[in-house]
Amino acid sequence: MKGRAAIIVPAYNEASYISETLRTLRQHPSFLDCWLVVVDDGSEDGTGVLAKIWADDVVCLHKNEGKGKALRQGIEAVDADYFLFVDADVGTTARYTECLLSIVRSGECEMAIACPPATERGGFGLAKRLARRKIRQITGITIQAPLSGQRALTRRAVEAVKEWDVGFGIEAAMTVDVLRAGLTIREVPLVIRHREHGKSLGGFWHRGRQYLAIQKVMAKRREIGR
């Protein structure tokens, strides 16, 4: 089953990485029929200007709204049957996400998630473990890469997501909602590489915000399920 496909790339101050990521997506043979949308989430470093060189459409938000809301804005900007979410900082490894889109287009599952390799330069994995534990408590299913931003979804899976304006908690919230809707998920090992914050002050600040967002959205999902 082919169907129309769109690639959504949310980006906030990613001028150092956005061109390489978009060029990789734009030039990949498997993505030639895909509409490439970048959502510039209130960037202040020229991310949106660079994105316009490669993207079919650049949605510019006047202020930083958060990843979840940026993704939703991208979805609303295009009419598609399948959606591929790609983080702006994955560079040339964006080419591997072709596998995710192929899987959902084939009808094998409703959402395919990239499961990247572990890295030694990352943090302590607290946010990932929290998301994995909360998803298991709510749905009974263990997801190995609950925070992976590289995901392909059918239109039905997108419509199953109850709330998008949850910032860095969007991947965990998305996973719970898709599973609760009775839709199938498949995780796929892919060699995806991100910019790594590492064990720096900036890295701890980023992961701290992510941890709190996950706590908040998962608490809300548990209440909804009662």
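The values are calculated or read from the model by the stated rules, or taken from the named source; none is laboratory data. In this text the structure is predicted, and so the values were computed from the model without any measurement. We place every Cβ from the backbone using ideal geometry, glycine too, and count neighbours over all the protein chains shown. Accessible surface is based on the protein model in full, side chains and every heavy atom, while ligands, DNA and RNA are left aside. Shrake-Rupley method; radii C 1.70, N 1.55, O 1.52, S 1.80 Å.
Determine the percent antiparallel among the DSSP beta bridges restricted to the chain, to the nearest 5. Taking every DSSP beta bridge within the chain, about 25 percent pair in antiparallel fashion. Summary value for the chain: 22 percent relative contact order, contacts being C-alpha pairs under 8 angstrom separated by 6+ residues. Here are several values of Rg and Dmax of the Cα atoms in Å: (i) 19.6, 78; (ii) 16.2, 48; (iii) 16.1, 44. Which one was derived from the coordinates shown? Correct label is (ii). In the context of the full set of protein chains, residues of the chain present 47 Å² of accessible surface per residue (probe radius 1.4 Å, heavy atoms only). Listed by chain and number, the lysines placed with their C-alpha closer than 26 angstrom to that of Lys67 are Lys52, Lys128, Lys134, Lys162, Lys199, Lys216, Lys220; residues fewer than eight positions away on the same chain are left out. Calculated mean residue ellipticity at 222 nm for the chain: -12500 deg cm²/dmol, from DSSP H runs with n ≥ 4 weighted as -39500 (n - 2.57), summed, divided by the residue count and rounded to 500. Label sites at Lys2 and Lys52, each approximated as a point 7 angstrom past Cα along Cα to Cβ, lie 3.2 nm apart. Surface composition of the chain: carbon plus sulfur atoms hold 51% of the accessible area, using a 1.4 angstrom probe and ignoring ligands, DNA and RNA.
Extension gain, Ala181-Asp45: 0.36 nm per intervening residue step, less the Cα-Cα distance, totals 45.1 nm.
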